[in-house]
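The values are calculated or read from the model by the stated rules, or taken from the named source; none is laboratory data. Quick caveat: nothing in here was measured; it's all calculated off a predicted structure. Here the Cβ positions follow ideal geometry from the backbone for every residue, glycine too, while neighbour counts run over all protein chains shown.
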Amino acid sequence: MVDNTEELIARTPEEFKSRLGIAVRTHHEVVQIDRSRQRVAVQGSGGTMWESYDELVIATGSVPIVPAWPGVDSDGIFTVKTLENGRAIRDYIEQYHPRHAVVVGAGYIGLEMAENLRHLGIETTILEQNGQVMPTMDADMAEFVSDALKGLGVRVHLQEEVVGFEVYRGRVQAVQTRHGSVPGDLVVLGLGVRPQTTLAQEAGIPLGVKNAIRVTPYLMTEVPHVWAVGDATQTLHQVTGLPSYVALATVANKQGRIAGMNLSGASIAFPGVLGTAITRVGSTEVARTGLTLAEASAAGIQAIETRIQAETKLGYFEDVSPMTVKIVAEVSSGRILGGQIVGGSGSGKRIDTIATAVSAKMTATQVVDLDLAYAPPFSDVWDPVQIAARTLVSKI
Amino acid sequence: MSKRIVVIGGDGAGMSAASQAKRRDPSLDIIAFEKGAIVSYSA
């Protein structure tokens, strides 16, 4: 956690105006898109006004998923998306000094919140509906993440379905599940996000997967002069070519850049996503990219996987730690389809080698042949990713 | 008259699009509307 939230803000509205010449109106909500007359209705403190456009960019983002559980709007139950959410949780902790926190959902946000709450000395329990933490990873890899959480003193309850909350005088006291009750005077919901596309939908702009806005690779919607970028949009998976929904800042910023170039005369396509992601639980780094074996099968691709154990650097260093690498490849071509990494410091960012290989449609053999950096403080002579690729080559 | 671009949403995606377009074509007239208090943070 950073100490001062001001440190997180990239630019102020004034900076956008003075440095870039872009007008920014905060506290102004667009409430309607009139596509036939190419104008939007904007609600601000002075009332509602029409603003006309030659080109419109919809970047309405996403909102946290909040199931309609009874009592879910009680005090002490939070989502985590914006800086304001983070400040609200911090203020609640300072005011009420909660003793038991419950984090619902064991994805990236849930894990990060659990670690931070535990760090503040609050007893913390994670409730996850699936049979494993990190549902975007394989169960055997997620097992290491579970161990890391337990190492931090975080309790992990799997296959735990939330049904409601115990509330006293408007404030949450416990989370009720199918199995019983878990004490929690602070509850954080980490159940992912959904695209915020009501405005687009009302304007008749076609939506796709999870109600995300359908866009061409050039990031135009199916309505003339209307573009869409970021968490509000549907994108294509680079490996399967299927529509998918990935709400990540990396994707949002890349799409924004490309749409901006196309709005100023270029004609550049966004290549799609691999679902590359990384996080850290305590000192354990966790990363994934591309397809798992199960995802490959679901997409009709005959694939094979290999899992190896290696070390982050040469064994005589005091801070050497184990790392596990899994790689998935197509059987017929040997093409790398995806991978997962869990391990100590220095292991996680190696996922980028695998992500690059997937993007470049490289085979396992080509990864073995890569000229990667080596010196004892960083790696063994064979990088762990290449050890996994070698194993895969021998299997195919 | 210069081309007018309206951006709905002042987070990373919208402001990246606005910044990139304006940098490449300074003649564009770009305005972004954000319903909240904050634009383009790094979280």
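Where strands (runs of 3 or more DSSP E) sit wholly within the stretch A:183-232, those with at least 3 residues that are within 16 Å of A:Ile258 (Cα to Cα) occupy A:226-228. Of all residues in the stretch A:15-40, those that are facing chain B (nearest Cβ under 7 Å) and at positive phi have Cβ atoms under 8 Å from Cβ atoms of residues that are modelled with pLDDT of 90 or more and not in a loop (DSSP other than H, G, I, E, B), 6 or more apart or on another chain, in A:Gly21/B:Lys22; A:Gly21/B:Ile30; A:His27/A:Gly44; A:His27/B:Glu34.
Answer yes or no as to whether A:Gln159 is in a loop (DSSP other than H, G, I, E, B) and either among the polar types (S, T, N, Q) or touching a strand residue (DSSP E or B) at 6+ places or on another chain (Cβ under 9 Å) (or both). Here the answer is yes, as A:Gln159 does meet what is asked.
Name the residue, out of A:Val281, A:Val246, A:Val226, that is within 26 Å of A:Val63 (Cβ to Cβ) and at pLDDT below 95. Before you say what the answer is, go through the steps one by one.
Working: A:Val281 fails: at pLDDT below 95; A:Val226 fails: at pLDDT below 95.
It is A:Val246.
Okay, residues lined up against (1) aromatic (Phe, Trp, Tyr); (2) within 23 Å of A:Arg307 (Cβ to Cβ); (3) free of Cβ contacts under 8 Å to residues at least 40 places away in the same chain; (4) not in a helix (DSSP H, G or I):
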| residue | (1), (2), (3), (4) |
| --- | --- |
| A:Ala114 | no, no, no, no |
| A:Leu117 | no, no, no, no |
| A:Val133 | no, yes, yes, yes |
| A:Ala148 | no, yes, no, no |
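For the stretch B:1-22, a residue qualifies if it is at the interface with another protein chain (Cβ under 7 Å from one of its Cβ atoms), closer than 20 Å to A:Ser52 by Cα and in a loop (DSSP other than H, G, I, E, B), and the qualifying residues are B:Lys3, B:Gly9, B:Gly10. One residue stands out in the stretch B:1-12 among those that are at pLDDT below 95 and more than 8 Å from the chain's Cα centre (by Cα): the one that is farthest from A:Gly256 (Cα to Cα), namely B:Met1.
Of all the residues in the stretch B:1-29, those that are β-branched (Val, Ile, Thr) and farther than 17 Å from A:Thr60 by Cβ number 0. Among the residues here, A:Tyr96 qualifies as in contact (Cβ under 8 Å) with a residue 24 or more places away in the chain, surrounded by fewer than 18 Cβ atoms within 10 Å (Cβ to Cβ) and away from every other protein chain (no Cβ under 14 Å). As a summary of the residue check, A:Asp73 satisfies the conditions (1) under 27 Å from the mean Cα position of the chain (by Cα); (2) surrounded by 21 or more Cβ atoms within 10 Å (Cβ to Cβ); (3) without any contact (Cβ under 8 Å) to a residue 12 or more places away in the chain except for the one numbered (2).
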